[in-house]
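The values are calculated or read from the model by the stated rules, or taken from the named source; none is laboratory data. Just so we're clear, the structure is a prediction, and the values are computed from it rather than from any experiment. Positions of Cβ are backbone-derived with ideal geometry, glycine not excepted, and every protein chain shown enters the neighbour counts.
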Amino acid sequence: MRRGIAHAVRLITGISLVMLSLEAVRSVGLVRWLATAEIAAAAAFCLPVVWRAGAVTLLAILGIALIHHAIVGHFAAVPLFAGLIVLLELTHERP
């Protein structure tokens with residue numbers, strides 16, 4: 001994958017996750033802390049130097065969010081597809 005395209009995908013994904021997490025920050029309890037951690041990890045995912053650490057953290061957070069939604073009984077398409085994009089970036093981006 002070309003660096004410019006990969007960086008654009010990371011930026012779009014990271015900014016989208018930040019925007020989607022802002023609504024969840026207004027919640028209470030575990031969801032608030034999970035959303036806050038997701039915002040921090042999505043911001044790190046956008047930065048060129050630490051994007052791999054942000055990606056691994058995002059995968060863990062999105063996995064927890066997916067499990068949380070499943071327990072509540074919702075199908076969480078956003079964490080699923082965001083996790084797939086992050087996984088795609090991790091596997092195809094060259095160091």
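Side notes on the structure shown:
- Boolean, ALA40 is small (Gly, Ala, Ser) and out of contact with any Lys or Arg (no Cβ under 8 Å at 6 or more places or on another chain): yes
- Filter result for ALA55 (closer than 14 Å to ILE12 by Cα and of a type in the set (Gly, Ala, Ser)): yes
- Some residue of the range 22-38 being in contact with a helix residue (DSSP H, G or I) (Cβ under 6 Å, 6 or more places away or on another chain) and at pLDDT below 90: yes
- The range 1-16 residues that are closer than 18 Å to ALA40 by Cβ, paired with ones that are β-branched (Val, Ile, Thr) (beta carbon under 8 Å, 6 or more apart): THR13/ILE85; THR13/VAL86
- Checking ALA76 against (1) farther than 26 Å from ARG2 by Cα; (2) within 15 Å of the chain's Cα centre (by Cα); (3) in contact (Cβ under 8 Å) with a residue 24 or more places away in the chain, the condition it does not meet: (3)
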